[in-house]
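*Asks:* What follows is a single structure, and I will ask about it in a moment.
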Amino acid sequence: MFKNEEGINVLSLFDGCSGAFVALERAGIKIKNYYSSEIDKHAIAVQDFHYSADTRFHKIGDVRKISGFDYDHVDLVIFGSPCTQLSSVNTKDRSGLEGPDSSLFYEAIKIMSAIYSIQPTNKKLYFLMENVASMTKKNRDQITGALGNIFDDLQLLKIDSALVSPAHRRRLYWTNIPNVSVPIPTGKSYQDIVVNGYVDKQKANVLLSSNVTATNGIFRYYKYDMGNIIFKEKEFAELPIEEKLKAYPNILKASGYNGKARGNKDEYAFPNGCYRVPSVLERERIMTFPDGYISDVPHVSKTEKNKIIGLSFTVDVIAHLLNYNLVCSQITLASSPNKI
């Protein structure tokens with residue numbers, strides 16, 4: 001399907017740092033042209049760092065200004081439209097597809113409808129869309145209905161990235177790529193990707209959840225199961241939760257740490273004497289990006305890098321769904337309960 005010797009033409013909407021480009025190459029799919037629609041200057045800085053000299057890579061700007069009629073030669077449209085008003089994390093605004101950000105989904109629909117309407121009969125348009133699994137059934141059905149008006153061979157899967165990555169990230173994937181399947185677990189663990197220190201979970205938490213502070217964030221970590229922590233000592237990491245919470249205040253007091261994180265420039269230090277949060281490098285590993293893909297980019301702050309990573313695809317999940325040969329070989333092993 002995607003084994004074109006000349007390569008395929010890809011339109012990536014809401015492209016972020018171009019995780020789709022990384023996934024395509026990881027899947028062994030040759031790229032002829034890659035059209036990237038993105039407006040965030042920090043994500044674009046990551047793109048420029050990697051692809052400014054790549055003649056296949058084309059920046060095409062704001063999704064609201066794109067006409068699908070200009071892209072009749074596209075073979076694949078890939079996107080994850082904004083989940084801002086769809087996600088359960090947003091407790092203040094669950095307006096769904098009517099929301100100011102999440103309504104941009106309909107821009108993708110408009111673009112794909114135009115491409116589909118002008119393509120020759122002997123050419124097939126494929127697409128892959130990702131969004132949060134925590135959306136309401138109403139929103140899920142709205143998305144499925146809108147996509148179904150264009151594509152009559154629609155498939156919907158729910159996949160937890162923990163199958164192929166060191167972190168949980170439950171997402172819905174809509175596509176018309178035939179015979180897509182849920183990935184076979186690879187056994188990647190959170191501990192495997194940390195640079196130093198120890199963790200007390202097999203898998204990290206989803207990166208779009210709020211992080212924890214280096215003062216009393218340990219209580220939030222356990223009470224709400226949010227954020228990620230890496231402990232300094234193996235023995236402490238292995239303690240029961242109640243004992244950790246009882247011992248931590250004295251460790252914090254002894255460290256003299258007062259919460260001024262900006263004074264600590266070493267991402268791998270333990271300023272509170274007990275734990276730290278994941279570095280940018282560890283976060284990109286959690287999302288299965290190559291080491292340095294985001295962490296090595298200059299002139300982008302740590303805060304912005306973490307935001308870029310949190311909004312990205314899990315690369316290995318996308319690579320799995322795009323890799324037709326892999327899909328065919330694994331279809332009999334797919335977990336049917338994950339098909340929606």
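Nothing in this text is a laboratory measurement; each read-out follows from the coordinates by a stated rule. Predicted, not measured: the structure shown is a model, and the values here were computed from it. Glycine also receives a Cβ, built like all others from the backbone with ideal geometry; neighbour counts cover every protein chain displayed.
*Asks:* Taking the Cα centre of the chain as origin, work out the dipole magnitude from +1 charges on Lys and Arg Cβ and -1 charges on Asp and Glu Cβ, in debye rounded to 20.
*Replies:* So the dipole magnitude of the chain works out to roughly 800 debye.
*Asks:* Same structure, new question: Toward the positive end of the charge dipole of the chain, about the Cα centre and with charges on Cβ (Lys, Arg +1; Asp, Glu -1), which of ALA254, SER189, LEU172 goes farthest?
*Replies:* Value: ALA254.
*Asks:* Using 0.36 nm per residue of separation minus the Cα-Cα distance, give me the extension gain between ASP141 and ASP153 in nm, one decimal. Intermediate results must be reported in sequence, preceding the final value.
*Replies:* On the way: separation 12, 0.36 × 12 = 4.32 nm, distance 1.57 nm.
Stretched out fully, the ASP141 to ASP153 stretch lengthens by 2.8 nm.
*Asks:* Averaging over every viewing direction, what projected area does the convex hull of the Cα atoms of segment 78-150 cover, in nm²? Mind dumping the intermediate values first?
*Replies:* Numbers: hull surface 19.0 nm².
Directional mean of the projected Cα hull area for segment 78-150 stands at 4.7 nm².
*Asks:* Something else about it: What's the ranking of 36-42, 236-242 by average number of surrounding C-beta atoms within 10 Å, highest first? Don't skip to the answer; put the middle values down first.
*Replies:* On the way: 36-42: 18.0, 236-242: 13.4.
So the order, starting with the most tightly packed, is 36-42, 236-242.
*Asks:* Let me check against my output: what whole-number percent is the relative contact order of segment 190-286, with C-alpha pairs under 8 Å and at least 6 apart?
*Replies:* Answer for segment 190-286 is 34 percent.
*Asks:* Please work out the FRET efficiency for the pair ARG220 and LYS30, using the Cβ-Cβ distance as r and a Förster radius of 51 Å; give the result to the nearest 0.05. Display every interim value, and only then the final one.
*Replies:* On the way: r = 46 Å, r/R0 = 0.89.
Efficiency computed from Cβ-Cβ geometry: 0.65.
*Asks:* While we're looking at this one, here's another question. Once you put a point 7 Å from the Cα of GLU5 and another 7 Å from the Cα of SER113, both along the Cβ direction, what distance in nm separates them?
*Replies:* Using points 7 Å along Cα→Cβ, the separation is 3.9 nm.
*Asks:* How much of the pair distance distribution for the chain lies past 26 Å, counting alpha-carbon pairs only, in percent? Working shown, then result.
*Replies:* Numbers: 29368 of 57630 pairs.
The calculated P(r) of the chain puts 51 percent of pairs beyond 26 Å.
*Asks:* Please report Rg over Rh for segment 190-286, where both radii come from the alpha carbon positions and Rh follows the Kirkwood definition. Could the numbers behind the result be given before it?
*Replies:* Numbers: Rg = 12.4 Å, Rh = 13.5 Å.
Radius of gyration over Kirkwood radius for segment 190-286 works out to 0.92.
*Asks:* Between ILE241 and ASP72, 0.36 nm times their residue separation minus their Cα-Cα distance comes to what? Don't skip to the answer; put the middle values down first.
*Replies:* Working: separation 169, 0.36 × 169 = 60.84 nm, distance 5.66 nm.
Fully extending the segment from ILE241 to ASP72 adds 55.2 nm.
*Asks:* List the relative contact order of the chain as a percent without decimals, with contacts defined as Cα pairs under 8 Å and 6+ residues apart. Walk me through the intermediate numbers first.
*Replies:* Values: 611 pairs, mean separation 59.4, N = 340.
Computed value for the chain: 17 percent relative contact order.
*Asks:* Something else about it: According to a simple spin-label model (label point 7 Å from Cα along Cα-to-Cβ), what is the distance in nm between THR55 and SER301?
*Replies:* 3.9
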